[in-house]
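Reviewing the structure listed below.
The values are calculated or read from the model by the stated rules, or taken from the named source; none is laboratory data. Because the structure is a prediction, the values reported are computed rather than measured. Positions of Cβ are backbone-derived with ideal geometry, glycine not excepted, and every protein chain shown enters the neighbour counts.
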């Protein structure tokens, strides 16, 4: 008989500069901003559409999650992706023993790198977020958090749900397919509904240090003071040395502010010759997910792609009745003037991944300004660089 442990819930919705107090094995929920999030919320009746499990690596908290693939994401980045930076952590009552944590880690190995399951099938070939967490606890510790349901048990009448189901299944919805949803795990009867602990009201990361090549000095520069310590930007949140609570740095007068326009991101649009070929490269080779598109299948005119925190738009360079039989060599040559740089912590792993996919790519090198870089061209000749500081 499988041993069932009560869970204690620790609700966190904070906006301090320090990461929240989490432990190995904590289960974390948030409202995803993906294209399927609204459909999941309406089908399940819960705002929480995405989840993962917290595991420490080299002393730092990560979230093991199923997105484009099953992968580890730094906790702060994971929280930052959620709507409003709100998240909820639920925890097994008591502390997981070191032996239990070892078993949990071992159970993750077969899943790492598996692609996300867009059709929510109950198999290990592809995996979705709640399925990953449920199977980890079941197989490692014999704990089943939440109960399996069939697709037909969810709200399939909502227009957003119907549209997403038709997109994924067409007219053949597998209504008898067993699934595990985030809300079922969130509301599991194994949870102890004691007093929740609320820390703050929002959550944000400390200001990022942006390293930019300096052609005059040959070294990376960042916002640092004379002692080499990163300095917060005006108006950012930082922890007080005395209390550990968040405090607001004073803003500069408006005429002294360097960035009066608030930016939330940058998404390049790339013109491509053949959309199916480009989709096969960015989705099937690099691991991007098509989160929005102008038409069905892979031969659409415009699409939005996302991988972790990187977003990219693809658009056909020609209308259907204007496209030549072959790409214009002069146009392809002009693409060499454009390079897309992606922040990638494990450049070596990216190199091995591309080799395994059969891509002709040279080993990464460290640039003269200290960035380890891996270059590859996409089907239209645009240069892509995966890089991270070699320091």
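Among the residues of the stretch 259-279, those identified as assigned to a helix (DSSP H, G or I) and either buried (at least 17 other Cβ atoms within 10 Å of the Cβ) or without any contact (Cβ under 8 Å) to a residue 60 or more places away in the chain (or both) are 275, 276, 278, 279.
Within the stretch 82-108, being part of a helix (DSSP H, G or I) and within 13 Å of residue 28 (Cα to Cα) holds for one residue alone: 85. In the stretch 285-303, the residue that is farthest from residue 352 (Cα to Cα) out of those that are part of a strand (DSSP E or B) and in contact (Cβ under 8 Å) with a residue 40 or more places away in the chain is 292. Taken as a whole, the structure leaves residue 383 outside the set of residues that are under 22 Å from the mean Cα position of the chain (by Cα) and either surrounded by fewer than 17 Cβ atoms within 10 Å (Cβ to Cβ) or in contact (Cβ under 8 Å) with a residue 24 or more places away in the chain (or both).
For the stretch 311-331, the condition holds for no residue, the condition being that it is free of Cβ contacts under 8 Å to residues at least 60 places away in the same chain, at positive phi and more than 21 Å from the chain's Cα centre (by Cα).
Does residue 299 qualify as being surrounded by fewer than 17 Cβ atoms within 10 Å (Cβ to Cβ), closer than 30 Å to residue 164 by Cα, at pLDDT below 90 and touching a helix residue (DSSP H, G or I) at 6+ places or on another chain (Cβ under 8 Å)? Here the answer is no, as residue 299 does not meet what is asked. In the stretch 128-146, the count of residues that are part of a loop (DSSP other than H, G, I, E, B) and in contact with a strand residue (DSSP E or B) (Cβ under 6 Å, 6 or more places away or on another chain) is one or more.
Here is a yes/no grid of residues against (1) over 27 Å from residue 173 (Cα atoms); (2) surrounded by fewer than 20 Cβ atoms within 10 Å (Cβ to Cβ); (3) in contact with a helix residue (DSSP H, G or I) (Cβ under 6 Å, 6 or more places away or on another chain):
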residue: 99; (1), (2), (3): yes, yes, no
residue: 106; (1), (2), (3): yes, yes, no
residue: 131; (1), (2), (3): no, no, no
residue: 150; (1), (2), (3): no, yes, no
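Can you tell which of 376, 347 is free of Cβ contacts under 8 Å to residues at least 24 places away in the same chain and surrounded by 15 or more Cβ atoms within 10 Å (Cβ to Cβ)? Going through 376, 347 in turn, the sole match is 376.
Taking the conditions (1) assigned to a loop (DSSP other than H, G, I, E, B); (2) more than 29 Å from residue 156 (Cα to Cα) in turn, residue 35 satisfies each one other than (2).
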